[in-house]
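One structure is given below, encoded as C-alpha cells.
The values are calculated or read from the model by the stated rules, or taken from the named source; none is laboratory data. What you see is a predicted model, and the numbers here were worked out from it, not measured in a lab. As a convention, Cβ positions derive from the backbone with ideal geometry for all residues, glycine included, and neighbour counts pool all protein chains shown.
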Amino acid sequence: MTKTIAIVGGGPAGLTAAEILAGAGFAVTVYDAMPSVGRKFLMAGKGGLNLTHNEPLERFQKRFGARQDRLAPLVRAFNPSALRAWAEGLGVTTFVGTSGRVFPAEMKAAPLLRAWIRRLRQAGVRFRTRHRWRGWEGTALAFETPAGRVVETADAVILALGGGSWPQLGSDGAWVTVLEAAGADVAPLKPANCGFDVGWSDHFRERFAGTPVKAIAAWTDGPRQRGECVITETGIEGGLIYALSASLRDRIAREGRAVLMLDLAPGMSESEVATAVTRPRGKASLATHMRKSAGIEGVKAGLLREMLTPDEMASQAAIATAIKALPLRLTAPRPLAEVISTAGGVTFEALDDNLMLRAKPGVFCAGEMLDWEAPTGGYLLTACFATGRAAADGVLRWLKY
C-alpha cells in the first residue's frame, strides 16, 4: 500500500518537501490554515521576489551565524545554483541583480507559485486549506476547520509551520506550546530582520516618519556596512538595520538598550569632514553650511538636531564628529507580528540528523520554525527550500526508501 505523508504548512519548505515525496511515489497531502497556500511567500515577493544570492557558496554559508554548522550541509545539498535551476524547470527565468541578489525575470512571486502548485497537483499532491493544526489526538493529527474538528493519520508528518512573524498570513507561532507539550525543545521566538524603537521627539517624527535615509553607513561591534534605512513613527528600519538586527536585538536583551552608530557621510573621511565643516561659515546659516560642506541636509540634518544637545549643535567641531559617528540609542526591537522573520524555534538538538523530532518519531520539522536566522538577501528563502528538501530526504530514509 502507498505510504501517506502529511505536510502541515504550505510555504516554501512544505511545498518543497511535498514535491520530493510525491515524486517518490507517496500519497502527499498539504494542510494549511489559510484559504490558500504560500500567503507569506507571495507577500515576500510583492516588491520583487528575492529567491537567493549569487555570492560564493563559502561566504553564503556564513550568513547563518551560530547555526551555520547545521545549515551549511543542507544548503550545499540544495545550493543557490540548484534553486535557480529548479525555478527554470518551472519556466521561471532568473537574473542576478547588481547587489548579487537573484530575482525571477518577472520579479513577482505569483507566477512562480502558480506554476509550482500546478506541477504539484499534476504529481498528485492534495491540498487541504483552512485546516489549522491543533496538535495530536493519540497518534493522529487534529485540525480545526470551518466544518469542525478533523482528525487525519499519516505514515510520516512534516511540520513546516513558519515562525511567528506576519501572523495574519498564517505564521502565528501557535505550534510552540503544542511541541513543548510533546517534549520538544523550542528556543523562544525572537524578532529577526526587524526595526527598532528610538523614541523620536514629536517634531522629528511628524516631519520625517516615512523618509528614507540614503547613502549612509552603520555599525555596532563589527565593521561598517553601507546602505540605507527608513525613519518610522517609532524608530528606524530598512535593509541596513536588518543586517545588524541580530546583534542589536541581543545587546538590548542583555543591557536594556543598544547604540547604533551612523556615518552620515561615508564618502568622506573624518579629516575631510572635519576640515570642511569647521571652516568659517561667515554669514551662511548652519543648514546651508552643512549642506555645502558635507552634503548634510533634510533628514540627515534632522537626525543631527534630534540627537545632539543644543551646545553640541553650536559647535562645528562637535557636528563634524557626529556626522561621522552619530550614536542612535535603540530601546527595543519591533514586535514579532511586524518583523520580516523570527529567530528561535525547534532546536537542532531536539532533532536527529534527518530533522526528525526525537520526542515524536515520524514527525519532521523544516523551514523557519527551526532555530536559525539569516539576513535578508535571499538567504532566508534558500534555507527554507533547503530544509524542506532535507526533511523530505529524512522521511525517505526513515521509511527506508
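Which one of Ala258, Ala343 is in contact with a helix residue (DSSP H, G or I) (Cβ under 9 Å, 6 or more places away or on another chain), touching a residue at least 60 places away in the same chain (Cβ under 8 Å) and either under 18 Å from Ile236 (Cβ atoms) or among the hydroxyl-bearing types (Ser, Thr, Tyr) (or both)?
Only one candidate qualifies: Ala258.
Looking at Ala359, Ala343, Ala337, which is the one that is within 26 Å of Gly164 (Cβ to Cβ), touching an Asp or Glu at 6+ places or on another chain (Cβ under 9 Å) and assigned to a strand (DSSP E or B)?
Ala343
So which of Val186, Val102, Val125 is over 25 Å from Met356 (Cα atoms), touching a Ser or Thr at 6+ places or on another chain (Cβ under 9 Å) and β-branched (Val, Ile, Thr)?
Result of the check over Val186, Val102, Val125: Val102.
What about Gly394, is it surrounded by fewer than 24 Cβ atoms within 10 Å (Cβ to Cβ), over 19 Å from Lys3 (Cα atoms) and touching a residue at least 12 places away in the same chain (Cβ under 8 Å)?
Numbers: surrounded by fewer than 24 Cβ atoms within 10 Å (Cβ to Cβ): yes; over 19 Å from Lys3 (Cα atoms): no; touching a residue at least 12 places away in the same chain (Cβ under 8 Å): yes.
Spelling it out, it is not the case that Gly394 is surrounded by fewer than 24 Cβ atoms within 10 Å (Cβ to Cβ), over 19 Å from Lys3 (Cα atoms) and touching a residue at least 12 places away in the same chain (Cβ under 8 Å).
Could you list all residues from the stretch 287-300 that are among the hydrophobic types (A, V, I, L, M, F, W, C), buried (at least 16 other Cβ atoms within 10 Å of the Cβ) and either closer than 14 Å to Ala314 by Cα or touching a strand residue (DSSP E or B) at 6+ places or on another chain (Cβ under 7 Å) (or both)?
Step one: filter the stretch 287-300 for residues among the hydrophobic types (A, V, I, L, M, F, W, C), giving 287, 290, 294, 296, 299.
Applying the additional criterion that residues be buried (at least 16 other Cβ atoms within 10 Å of the Cβ) yields 290, 294, 296, 299.
Across the stretch 287-300, the qualifying residues are Met290, Val299.
Collect the residues in the stretch 261-279 that are hydroxyl-bearing (Ser, Thr, Tyr) and outside any helix (DSSP H, G or I), keeping them in residue-number order.
Within the stretch 261-279, just Ser269 meets the criteria.
Given the criteria assigned by TED's automatic domain parsing to the domain that holds Pro375 and part of a loop (DSSP other than H, G, I, E, B), does Leu71 qualify? Break it down into steps so the answer makes sense when it comes.
Values: assigned by TED's automatic domain parsing to the domain that holds Pro375: yes; part of a loop (DSSP other than H, G, I, E, B): no.
Criteria not met by Leu71.
Which condition does Ala109 not pass, out of (1) at pLDDT below 95; (2) in contact with an Asp or Glu (Cβ under 9 Å, 6 or more places away or on another chain), if it passes all the others?
Unmet condition: (2).
Given the residues Leu381, Leu328, which is the only one that is part of a strand (DSSP E or B) and over 30 Å from Gly138 (Cβ atoms)?
Leu328 is the lone residue from the list that is part of a strand (DSSP E or B) and over 30 Å from Gly138 (Cβ atoms).
Which residue, of Arg121, Arg149, is among the basic types (Lys, Arg), assigned to a strand (DSSP E or B) and out of contact with any Pro (no Cβ under 7 Å at 6 or more places or on another chain)?
Arg149
Looking at the stretch 170-228 only, could you name the residues that are over 19 Å from Pro375 (Cα atoms) and among the hydroxyl-bearing types (Ser, Thr, Tyr)?
Thr177, Ser201, Thr211 - these are the residues of the stretch 170-228 that are over 19 Å from Pro375 (Cα atoms) and among the hydroxyl-bearing types (Ser, Thr, Tyr).
Of the residues that sit in the stretch 10-51 and are within 15 Å of the chain's Cα centre (by Cα), of a type outside the set (Lys, Arg) and part of a helix (DSSP H, G or I), which one is modelled with the lowest pLDDT?
That would be Ala44.
Take Lys62 and decide whether it is surrounded by fewer than 21 Cβ atoms within 10 Å (Cβ to Cβ), free of Cβ contacts under 8 Å to residues at least 12 places away in the same chain and either basic (Lys, Arg) or closer than 30 Å to Thr153 by Cα (or both). It would help to see each step written out before you state the result.
On the way: surrounded by fewer than 21 Cβ atoms within 10 Å (Cβ to Cβ): yes; free of Cβ contacts under 8 Å to residues at least 12 places away in the same chain: yes; either basic (Lys, Arg) or closer than 30 Å to Thr153 by Cα (or both): yes.
For Lys62, the condition - surrounded by fewer than 21 Cβ atoms within 10 Å (Cβ to Cβ), free of Cβ contacts under 8 Å to residues at least 12 places away in the same chain and either basic (Lys, Arg) or closer than 30 Å to Thr153 by Cα (or both) - is met.
Limited to the stretch 310-340, what total is found for residues that are modelled with pLDDT of 95 or more and of a type in the set (Ser, Thr, Tyr)?
2
Condition check ((1) among the aliphatic types (A, V, I, L, M); (2) within 24 Å of Ala22 (Cβ to Cβ)) across all residues:
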| site | (1), (2) |
| --- | --- |
| Ala314 | yes, no |
| Ile319 | yes, no |
| Glu368 | no, yes |
| Trp372 | no, no |
| Ala386 | yes, yes |
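Of the numbered conditions (1) under 19 Å from Val75 (Cα atoms); (2) part of a helix (DSSP H, G or I); (3) of a type outside the set (Asp, Glu); (4) over 13 Å from the mean Cα position of the chain (by Cα), Phe364 satisfies every one except a single condition; which is it?
(2)
What's the number of the condition Thr347 fails, among (1) within 25 Å of Gly222 (Cβ to Cβ); (2) within 27 Å of the chain's Cα centre (by Cα)?
(1)
Return the residue satisfying two criteria in turn: it lies in the stretch 182-222 and is free of Cβ contacts under 8 Å to residues at least 40 places away in the same chain and under 30 Å from Thr347 (Cβ atoms), and of such residues it is surrounded by the fewest Cβ atoms within 10 Å (Cβ to Cβ).
Top of the filtered list is Gly222.
Within the stretch 342-358, track down each residue that is of a type outside the set (Val, Ile, Thr), within 20 Å of Leu189 (Cβ to Cβ) and surrounded by 15 or more Cβ atoms within 10 Å (Cβ to Cβ). Steps first, please.
If we filter the stretch 342-358 for residues that are of a type outside the set (Val, Ile, Thr), which is where we start, we get 343-345, 348-358.
With the extra rule that they be within 20 Å of Leu189 (Cβ to Cβ), the set shrinks to 343-345, 348-351, 355, 357.
Of everything in the stretch 342-358, those that are of a type outside the set (Val, Ile, Thr), within 20 Å of Leu189 (Cβ to Cβ) and surrounded by 15 or more Cβ atoms within 10 Å (Cβ to Cβ) turn out to be Ala343, Gly344, Gly345, Phe348, Ala350, Leu351, Leu355, Leu357.
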